[in-house]
Amino acid sequence: MIYLDYVSTTPLNKEVNQMYQSLLNDYFANADSLYSLGLQTSSLMEKSRSLIAQMLNVKPTEIIFTSGASESNNTAIKGCAFQYQNRGKHIITTAIEHSSVYNTCLQLRDVFGFDVDFISVDQNGHINLDELRNKIRDDTILISIMYVNNEIGSIQPIDKIRELILNINPKIKLHVDMVQALGKIPVDLSLVDMASFSAHKIYGLKGSGVLYKKESTTLVPLICGGQQENNLRGGTSNTATHIMFAKTLRLALENQTQKFQHVHVLNQYVRNELMKEKDIVINSPIENCSPYILSFSAIGYKPEVILHALEAKECYVSTKSTCSSHKNDVSRTLAAMGVDDAIAKSAIRISFSHLTTQEEIDEFLYHLQTILKTIKKQR
């Protein structure tokens, strides 16, 4: 099997799996119980929180366990919007956000009466800083911009965005979806007020996420009930999953530079080979782009046909973001980049891992080239 959809999800690390199974059997007690078994479980969860905070250079009280990045994004954006709406109801985001950010902002606009501006991007998927500067108002309370785009890999200048905020309106909160950055490129949480992470993107468990929230930022809880997560997320804690995030993160951060270099070499190799094909266009930018993601279009071919033809060879790729894979419309990201409709409709995304080998890449390229020669273009 050749798996090239690591952006969608990653295989579970064997060490994480083994420890998780042990935790399920031995530490099943409710972490809020006052007897010894519950206290032991709670202690392990808080140890995990402290280790995560240490690895991310933040305070343990700033780490909130969630069920994943979508919940983290919703909690950050809605919680912040509801908390600070007395200051204003203006929010800024981009046209290429993950659906859990984009649709949350749409809901705040359409259901709760907030004013939302969607910043445009250039042909390389990078935001227009001048447009962002001009959109910031006195009543702007939140800016939410992803670090690494999940479809094409473009990296946004978080440091410059923070500088804009400090110079124009320091009260604005900055939330960053860092899901595709964690474990791949350095993240600096001193630049942001909130950041979202997911375990299953870094070889951890599905249904496991973290929200970083700076102590100076206050949120209205979306799930009311109990005292869990500092009263921000009511409900019995999924302790085994939360405990595992620390180990998952530690393993993901190990040898990060070497992993990056390995993937960078593979990405450049694939780019060079794909550019030899007359019907293929590369959508991912060369500069300020994560090497872990590569989007290209086989112009005139239906991407679903290519996807299933590759699947028959046990080679797995994606056509666009998995969260919108069942929709027939053109990728919102490529549309925002102004990509020609014929190119946008034929986009395919591959994503790499430090586990990806040169042999797998060569086999993928062979199958792709063979498929393009044998299947017909759409009329």
Return a single number: how many Lys pairs in the range 31-146, at a sequence separation of 8 or more or on separate chains, have alpha-carbon atoms below 24 angstrom apart. 5
Once Tyr35 and Glu311 are pulled to full extension, the length gained, defined as 0.36 nm per residue separation minus their Cα-Cα distance, is 94.2 nm
Theoretical ellipticity at 222 nm over the chain - DSSP helices of four or more residues, -39500 (n - 2.57) apiece, nearest 500: -12500 deg cm²/dmol
Around Ile361: net Lys/Arg minus Asp/Glu count, Cβ-Cβ under 12 Å: -4
Length-normalised contact order of the range 30-179 in % [C-alpha pairs under 8 Å, at least 6 apart]: 20 percent
Once you keep just the Cα pairs under 8 angstrom separated by 6 or more residues, what percentage relative contact order results for the range 1-93? 10 percent
On the accessible surface of the range 70-137, probed at 1.4 Å with all protein chains in place, carbon and sulfur together account for a percent value of 41 percent
Pull out a ≥ b ≥ c, the square roots of the eigenvalues of the alpha-carbon gyration tensor of the range 60-107, then state rounded if a/c is under 1.5, prolate if not and a/b is larger than b/c, and oblate in the remaining case. oblate
Protein accessible area in the range 159-222, 1.4 Å probe - carbon and sulfur %: 53 percent
On the Cα set of the chain, report Rg and Dmax in Å, please. 21.4, 69
Between Asn288 and Thr370, 0.36 nm times their residue separation minus their Cα-Cα distance comes to what? 26.3 nm
Near Gly68, within a Cβ-to-Cβ distance under 15 Å, what is the net charge of the other residues, with Lys and Arg +1 and Asp and Glu -1? 0
How large is the accessible surface per residue of the chain, computed with a 1.4 Å probe and reported in Å² as a whole number? 45 Å²
Could you state the angle between the C-alpha long axis of helix 36-56 and the longest principal axis of the C-alpha atoms of the chain, as a value from 0 to 90 degrees rounded to the nearest 10? 50 degrees
In whole angstrom, how far apart do the alpha carbon centroids of the range 327-367 and the range 238-275 sit? 19 Å
For Met146, what accessible surface area do you get with a 1.4 Å probe? Give it in Å², rounded to 10. 10 Å²
Average projected area of the Cα convex hull of the range 1-52, in nm²? 5.2 nm²
Can you pull a Stokes-Einstein diffusion coefficient for the range 152-229 at 10 °C (1.306 mPa s), Rh from Kirkwood over Cα pairs, as a whole number of µm²/s? 111 µm²/s
The chain, relative contact order [Cα under 8 Å, separation at least 6], %: 23 percent
Find the Rg to Rh ratio for the range 1-160, where Rh is the Kirkwood radius over alpha-carbon pairs and Rg uses the same atoms. 1.05
So how far apart, in nm, are the two label points at Asn128 and Glu363 if each is 7 Å from Cα heading toward Cβ? 4.6 nm
Determine the sum of side-chain charges near Met146: Lys and Arg each +1, Asp and Glu each -1, restricted to other residues whose C-beta is under 10 angstrom from that of Met146. -2
Once the whole set of protein chains is in place, how much accessible area is left on Phe118, using a 1.4 Å probe, in Å² to the nearest 10? 60 Å²
Note, ³J(HN,Hα) from phi for the range 69-74, Karplus 6.51, -1.76, 1.60, rounded to Hz, x at Gly and Pro: 5, 4, 5, 4, 5, 4
Extension gain from Asp340 to Lys302, taking 0.36 nm per residue of separation minus the Cα-Cα distance: 12.2 nm
Charge-dipole axis of the chain as Lys and Arg at +1 and Asp and Glu at -1 on Cβ define it, positive-most pick from Phe296, Thr236, Val179: Thr236
Which listed residue (Cys315, Ile361, Asn86) has the Cα farthest towards the positive end of the charge dipole for the chain, taking +1 on Lys and Arg C-beta and -1 on Asp and Glu C-beta about the Cα centre? Asn86
Nonlocal amide H pairs with Lys173, under 5 Å, H built at 1.01 Å: Leu142, Ile143
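The values are calculated or read from the model by the stated rules, or taken from the named source; none is laboratory data. Please read all numbers here as calculations on a predicted model, not as lab measurements. Here Cβ is always computed from backbone atoms with ideal geometry, including for glycine, and neighbour counts include all displayed protein chains. Just so you know, the surface numbers come from the protein's heavy atoms only, side chains and all, with ligands and any DNA or RNA stripped out. Shrake-Rupley method; radii C 1.70, N 1.55, O 1.52, S 1.80 Å.
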